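Read through the structure below, which is laid out as structure tokens, and then see the notes.
The values are calculated or read from the model by the stated rules, or taken from the named source; none is laboratory data. Here the structure is a predicted model, which is why all the values come from computation and not from measurement. Cβ coordinates were reconstructed from backbone atoms using ideal geometry, including for glycine residues, and neighbour counts include every protein chain displayed. SASA here: full protein model, heavy atoms, side chains in, ligands and nucleic acids out. Shrake-Rupley method; radii C 1.70, N 1.55, O 1.52, S 1.80 Å.
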Amino acid sequence: MATIQIKIPDIGDFKEVEVTEVLVKPGARVRAEQSLITVESDKASMEIPSPRDGIVAALNVKVGDKVSMNSLILSMEGEDIPSSGTPAPSTPMPMPMPMPMPMPEPQAPSGAGTVNTEPRSTPGAAADMHAEVLVLGSGPGGYTAAFRAADLGKKVVIVERYPDLGGVCTNVGCIPSKALLHIARVITEAQELAPSGVQFSNPAIDLDKVRAWKTEVAGKGAKGIAGLARQRKVSIVQGTGKFDSPHGMTVSQADGKSMRIGFDACIVAAGSSVARIPGLPYDDPRVLDSTGALALADIPRRLLVIGGGIIGLEMACVYDALGSKVSVVEMQDGLMPGADRDLVRPLERRLKKRYEAILLNTRVAKLEAQPEGLLASFDGPGAPGPQRYDRVLVATGRRPNGREIGAEAAGVTIDARGYITVDRQQRTNVPHIFAIGDIVGEPMLAHKASHEAKVAAEALAGHKVYFDALTIPSVAYTDPEVAWMGLTETAAKAGNIAFEKAVFPWAASGRARAVDRTEGSTKLLFDPQTKRILGAGIVGVNAGELIAELVLALEMGADMHDIALTIHPHPTLSETAGLAAEAGLGTITDLFIPRKTVHHEPE
Ligand code: FAD
């Protein structure tokens, strides 16, 4: 038995990288290719595999050590002959490289089936790293896909341009906005308790602390994702990735250098960016997008929100509670286009009372940056004269990042709006490249991205899976919340789909009265013949939580009897689903609905 020294191989342009995990112990028997340690730089984390079989004699590194090429990892006892195909262990060993193979041409989507994850070579420069599955982007789509693929046995590398993992959702979207909305809700609930005999003094808002708390909430999520990646041995490479071929990606890093990753299969989860309407003075720091609004630089005295969609209204809700005078301008004739009007009306009524103005059928014709403020001129019937604001939030939508990833080099088709086209397995026109999340289309929602992620990872691993969810629920976390799923009344009428509707007004809910929020309602749409549930909408506090029961009902093919005969706990807002179903069936006792004439056919 010879003692062989195992050293850090040539791992590309990395020096003094930290050992974050030691994966073997003295006395352990290791196999060739088994991971020995994990090293992590500010750009990437990677596992160093053993070049051969053997028994660990002594470890020369511990967690926290800094290592470079040729640093001694451990000594090993074994035959002095390297495992087949690996170089002598005392000499630097290159990272596993793809086997040379001819490059396949992009083909039409093949539908079901395993992606051939045999290693392939990439034309042009040699790869610095190789991934069985490369995931571009670490948002809810990317990290879910990466983790599922790793759990299915794949060697996965995530490429992410930002140091924090988690994408828009974790860092500048769902989570920080909900943290601020939580604060907003506590402030307004405290204010609104006054009629019940409890009066709080006005809140003292320490904006620096609020900001730090929100950042900490988001940061915990990002760190949690990094921890989950480590546990699954998913490597992270920080930098901006662009395809350079159907099996290769060049990653440009912050220090101006770049590295190249070869891959067998890829899942694109590069998300979306803020869409800008032309002609506004974006250089002025008082003009915000959603990320700027979440940064909470100050509490503007007067805030104009351009766009009455979900993101704009959520941020309006935050700034209103913090003390800004908020105006919302929307080009369409109602807030939150896409949701049924009866669901939006209670929200609109409440906002009209709280906000300075809600301008519908109105557009901002001009926005001038002046030293004293931003002067907005409006266009539309009943539009007010020019108004000066301290800040303006532009919340007019998001656009997919499809054009920014070098898709053409991989042969991946992008449509006219910048979305990647995929089939029901999330497969692009190039069979070994999948795409998920905001980059493949509406609705741009985190739960759609993560669901698609699992489909893509499993399809890639050869499972016969498809995106076949019956609905993707939508929630506006405004106050009150608005949530809907399945068929909407608007779509049913437009599509001439037969339906019946049952509504339970929350004024008749004991719980809604107890929390003094009776403006809500729960609506069910169902098939007139079979009574199967077709869709549902809820407006009211916690609507976003309540809608989940009805999503499950739809997925399980439940009918109105199933929902009505499910015993809901009393007194809860969840009861309103059961009561709406009873209203639809005519069995409700909590409301008086005059009996319809019942016709009996003669025997
Ligand atoms: P993203 O989360 O956008 O992640 C894409 C990642 O890819 C990013 O980290 C990006 O840096 C990285 N990336 C892009 N290009 C490259 C490249 N070339 N190289 C390397 N990395 C790259 N959705 C909900 O469901 N519920 C909500 O409550 C909600 N609230 C929101 C609030 C706000 C203010 C915003 C803006 C969005 C909100 N969303 C919400 C939408 C949600 O954030 C997105 O639908 C979701 O993040 C999409 O996930 P994704 O994985 O497709 O992409």
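Okay, residues lined up against (1) within 16 Å of the ligand (Cβ to nearest atom); (2) at pLDDT 95 or above; (3) open to solvent by less than 60 Å² (accessible area, probe 1.4 Å):
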{"site": "Met95", "(1), (2), (3)": "no, no, yes"}
{"site": "Asn116", "(1), (2), (3)": "no, no, no"}
{"site": "Pro119", "(1), (2), (3)": "no, no, yes"}
{"site": "Pro123", "(1), (2), (3)": "no, no, no"}
{"site": "Ala127", "(1), (2), (3)": "no, no, yes"}
{"site": "Gly137", "(1), (2), (3)": "yes, yes, yes"}
{"site": "Leu152", "(1), (2), (3)": "no, yes, yes"}
{"site": "Tyr162", "(1), (2), (3)": "yes, yes, no"}
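Scanning the stretch 377-401 for residues that are closer than 20 Å to Ser290 by Cβ and either at pLDDT below 95 or not charged (D, E, K, R) (or both) yields a total of 9.
If you scan the stretch 308-337, which residues turn out to be under 23 Å from the mean Cα position of the chain (by Cα) and closer than 20 Å to Leu181 by Cβ?
Gly308, Gly309, Ile310, Ile311, Gly312, Leu313, Glu314, Met315, Ala316, Cys317, Val318, Met336
Here Ala459 passes the criteria (1) open to solvent by less than 20 Å² (accessible area, probe 1.4 Å); (2) more than 16 Å from the ligand (Cβ to nearest atom); (3) within 21 Å of Gly544 (Cα to Cα) except the one numbered (3).
Which is open to solvent by 50 Å² or more (accessible area, probe 1.4 Å), of a type in the set (Gly, Ala, Ser) and either over 20 Å from Gly241 (Cβ atoms) or in contact with a Gly (Cβ under 7 Å, 6 or more places away or on another chain) (or both), of Gly382, Gly397?
None of the other options fit; the residue is Gly382.
Of the residues making up the stretch 140-149, those that are buried (at least 24 other Cβ atoms within 10 Å of the Cβ) and touching a strand residue (DSSP E or B) at 6+ places or on another chain (Cβ under 9 Å) are Gly141, Gly142, Tyr143, Ala145, Ala146, Ala149.
At least 1 residues being open to solvent by 60 Å² or more (accessible area, probe 1.4 Å) is the threshold, and among the strands (runs of 3 or more DSSP E) wholly inside the stretch 494-603 those reaching it are 500-505. Can Ala376 be described as open to solvent by less than 30 Å² (accessible area, probe 1.4 Å), away from the ligand (no atom under 16 Å from the Cβ) and small (Gly, Ala, Ser)? Judged against the criteria, Ala376 is a match.
If you go through the stretch 345-370 and keep only what is in a helix (DSSP H, G or I), within 16 Å of Val305 (Cβ to Cβ) and in contact with a Pro (Cβ under 9 Å, 6 or more places away or on another chain), you end up with Leu347, Arg350. State yes or no: is Thr421 within 16 Å of the ligand (Cβ to nearest atom) and open to solvent by 50 Å² or more (accessible area, probe 1.4 Å)? For Thr421, the condition - within 16 Å of the ligand (Cβ to nearest atom) and open to solvent by 50 Å² or more (accessible area, probe 1.4 Å) - is met. Taken together, the residues in the stretch 424-437 that are open to solvent by 30 Å² or more (accessible area, probe 1.4 Å) and either part of a strand (DSSP E or B) or within 26 Å of Cys174 (Cβ to Cβ) (or both) amount to 1.
Pairing residues of the stretch 433-444 that are over 15 Å from Glu404 (Cβ atoms) with residues that are open to solvent by 10 Å² or more (accessible area, probe 1.4 Å) and near the ligand (Cβ under 6 Å from one of its atoms), at Cβ distances under 8 Å and at least 6 apart in sequence or on separate chains, gives Ile436/Ala269; Met444/Asp438.
Looking only at residues that are of a type in the set (A, V, I, L, M, F, W, C) and modelled with pLDDT of 80 or more in the stretch 41-56, which one is surrounded by the fewest Cβ atoms within 10 Å (Cβ to Cβ)? So, considering only residues that are of a type in the set (A, V, I, L, M, F, W, C) and modelled with pLDDT of 80 or more, the one surrounded by the fewest Cβ atoms within 10 Å (Cβ to Cβ) is Ile55.
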